[in-house]
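The numbers here are math on the coordinates, done by the rules we state, and not lab data. Just so it is clear, the structure is predicted and the values come from calculations on it, not from any experiment. Because the Cβ atoms are built from the backbone with ideal geometry, glycine has one as well, and the counts that use them run over all protein chains shown.
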């Protein structure tokens, strides 16, 4: 039973990570390199900053913590950057980070999911670490989508061709 739970948890986490990556890929395709680094105002981050932040967070929580490797995150640098990477470079970095995180999640043992550890000053089990990373990725994916829609006045069509009015079934 525990292995079935582990497998179901892993598959759903990987699916959610892939969904956010899919949506970010669609959103970034609408932008130029200059768009990536625009800041709507002083209190908001550019999409480039959000991508760097996502890479840092996923690395710290999943790759380093769950994967039991050293944490070398420089969170301040994620938000300080104002240029430097093209949208293609940022998307490659994000995709590579997510793929490595998926490998770590897929390979994690039941003990790694249950064991508690300190991450970024919080105390989480491996399940909590994965839930945080998936939720955090989704949260910022929504911000990126909103910012792209705002800049381009365009629907991103994340669910084009899918009937979302279908009722639930067992």
Checklist line | Set 80, 96, 101: member being free of Cβ contacts under 8 Å to residues at least 40 places away in the same chain, within 12 Å of the chain's Cα centre (by Cα) and within 26 Å of residue 26 (Cα to Cα) | finding: 96
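Could you tell me whether residue 63 is under 26 Å from residue 159 (Cα atoms) and either touching a residue at least 24 places away in the same chain (Cβ under 8 Å) or touching a strand residue (DSSP E or B) at 6+ places or on another chain (Cβ under 7 Å) (or both)? Full working, then the answer.
On the way: under 26 Å from residue 159 (Cα atoms): no; either touching a residue at least 24 places away in the same chain (Cβ under 8 Å) or touching a strand residue (DSSP E or B) at 6+ places or on another chain (Cβ under 7 Å) (or both): yes.
It is false that residue 63 is under 26 Å from residue 159 (Cα atoms) and either touching a residue at least 24 places away in the same chain (Cβ under 8 Å) or touching a strand residue (DSSP E or B) at 6+ places or on another chain (Cβ under 7 Å) (or both).
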Notebook entry, point to check: Name the residues in the range 1-17 that are without any contact (Cβ under 8 Å) to a residue 12 or more places away in the chain and not in a loop (DSSP other than H, G, I, E, B), would you?
Noted result: 4, 5, 7, 8, 11, 12, 15
Notebook entry, point to check: Which of the residues belonging to the range 24-48 are buried (at least 19 other Cβ atoms within 10 Å of the Cβ) and part of a helix (DSSP H, G or I)?
Noted result: 24, 27, 28, 36, 47, 48
